[in-house]
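These notes are about the structure you will find just below.
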Amino acid sequence: MDIEERLKLIKRAPTEEILTEKELKSYLERGFKLRHYIGFEISGWIHIGTGLVCMSKVVDLQRAGIECTIFLADIHSWINEKLGGDLDLIREVAVKYYVKTLKKCIEVLGGDPDRVKFVLGSELYHNNDEYWMTVLDVAKNVNLARVQRSITILGRKMGEGVPFAWLIYPIMQVADIFALGVHIAHAGIDQRKAHVIAREVAPYLKFKPLILDGERVKPIALHHHLLTGLSLTKIPESKEELIEYKMSKSKPESCIFLHDTPDVVKKKILKAFCPPREITYNPVMDIAKTLLFRDRREPLIIERPPKYGGTIEVWSYEELEKIYIEGKLHPLDLKNAVVNELNKLLEPLHRWFSSGEGQKLITEMRELLEGRITR
């Protein structure tokens, strides 16, 4: 595979931004073996944003010859009070449910799960003085105001009574990049602030600098699109505000979980916010664009009664966008078509979760969550 083909794979949707594409192309042209990572808080059930959107990008990177790592951020999750702040529970969910489910998603999406490395945060940090020196090194090279502005990466807003640990979180996230020695730091666009800090401090670190061919370099920041939450109730004033309305497992009504049955998927989509003629702030159109038309080789079939125009075939997202903006497609007809196609996409996961290992995993997760979090 030539450089342009590799670059095309890395750049394609759901990628929204690369800091910087010029640097990335240079690294590829010079033949460097590049390492990637994406980190996840451990906070309950995995939804399609993580399982399909994030993992599709991991598969792209893998096909482009990048060595991929998934970082299970158990300590970060504990700092951010995920799963009730129960660190033992967080670790158990990470090494069982998260590893097995994300591996299955990679397999379903056509990647090789056995070539993706999984790293638990606490294992990286254990007896690792150099890591903690890197944390201090990062802290020495960033001011307090910058860190305070960065706590939005936790899904938090700055205000009175902020636990000091929240300010350590962004510093640790930056240190993770250098401790893992990764050249491509990958996350949703909501994690941009941490990655920009990593790029800014890279030239000054004494501990664990990122080196390629004897040269100190900055990590590439790759940011993917975040699916809009289904429970959006109004059109946000900006795309920045839209990030606050992303699919979130802490708001079950806003997202579709990987283990949701076809009936549950249908119920959630039919209740979703879907304003007529609106495409930018429309979670149903967002699913169509990000997931349904990504690798599409056949038309999207939209079934309608003859009196409303009859069944139509749509061959591209641009075509779908055009007829929706023009008011030629009713939101309910759009929703029904998206339900059918999304359930087709999820069908291998539906089968896995309904029997054997997948079913056992769901049962174990329910027992863990109900037995520990409700106490």
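Things worth noting here:
- Listed by first and then second residue, the pairs with beta-carbon distance under 9 Å, at least 6 apart or on different chains, first residue in the stretch 259-278 and in contact (Cβ under 8 Å) with a residue 60 or more places away in the chain, second in a helix (DSSP H, G or I) and among the acidic types (Asp, Glu), are 262/347.
- Condition check for residue 225 on (1) surrounded by 22 or more Cβ atoms within 10 Å (Cβ to Cβ); (2) of a type outside the set (S, T, N, Q); (3) within 20 Å of the chain's Cα centre (by Cα): one failure, at (1).
- Filtering 72, 28, 7, 24 for residues that are surrounded by 20 or more Cβ atoms within 10 Å (Cβ to Cβ), in a helix (DSSP H, G or I), among the aliphatic types (A, V, I, L, M) and not assigned by TED's automatic domain parsing to the domain that holds residue 259 leaves a single hit, 24.
- Subset of the stretch 137-148 [surrounded by 13 or more Cβ atoms within 10 Å (Cβ to Cβ), more than 27 Å from the chain's Cα centre (by Cα) and not acidic (Asp, Glu)]: 141
- Enumeration of residues in the stretch 88-113 that are without any contact (Cβ under 8 Å) to a residue 24 or more places away in the chain and either more than 28 Å from residue 352 (Cα to Cα) or more than 20 Å from the chain's Cα centre (by Cα) (or both): 88
- Only one entry of 231, 150 meets the criterion of being within 28 Å of residue 66 (Cβ to Cβ), in contact (Cβ under 8 Å) with a residue 40 or more places away in the chain, in contact with a Pro (Cβ under 9 Å, 6 or more places away or on another chain) and among the polar types (S, T, N, Q), and that entry is 150.
- Residue identified as under 13 Å from residue 138 (Cβ atoms), crowded, with 24+ Cβ neighbours inside 10 Å and of a type outside the set (Ser, Thr, Tyr) among 207, 178: 178
- Residue in the stretch 242-255 that is closer than 14 Å to residue 341 by Cα, in contact (Cβ under 8 Å) with a residue 12 or more places away in the chain, part of a helix (DSSP H, G or I) and among the hydrophobic types (A, V, I, L, M, F, W, C) present: no
- Residue 290 assigned to a loop (DSSP other than H, G, I, E, B) and touching a Leu at 6+ places or on another chain (Cβ under 9 Å): no
- The one condition in (1) part of a helix (DSSP H, G or I); (2) more than 18 Å from residue 11 (Cβ to Cβ); (3) within 20 Å of the chain's Cα centre (by Cα) that residue 54 fails to fulfil: (2)
- The one condition from (1) crowded, with 22+ Cβ neighbours inside 10 Å; (2) of a type in the set (A, V, I, L, M); (3) assigned to a loop (DSSP other than H, G, I, E, B) that residue 235 does not meet is (1).
- The set of residues in the stretch 101-119 that are out of contact with any strand residue (DSSP E or B) (no Cβ under 6 Å at 6 or more places or on another chain) and surrounded by fewer than 18 Cβ atoms within 10 Å (Cβ to Cβ) comprises 107, 110, 112, 114, 115.
The values are calculated or read from the model by the stated rules, or taken from the named source; none is laboratory data. Quick caveat, the model's predicted, so the values are computed rather than measured. For neighbour counting, all protein chains shown are included, and Cβ atoms are generated from backbone atoms with ideal geometry for every residue, glycine included.
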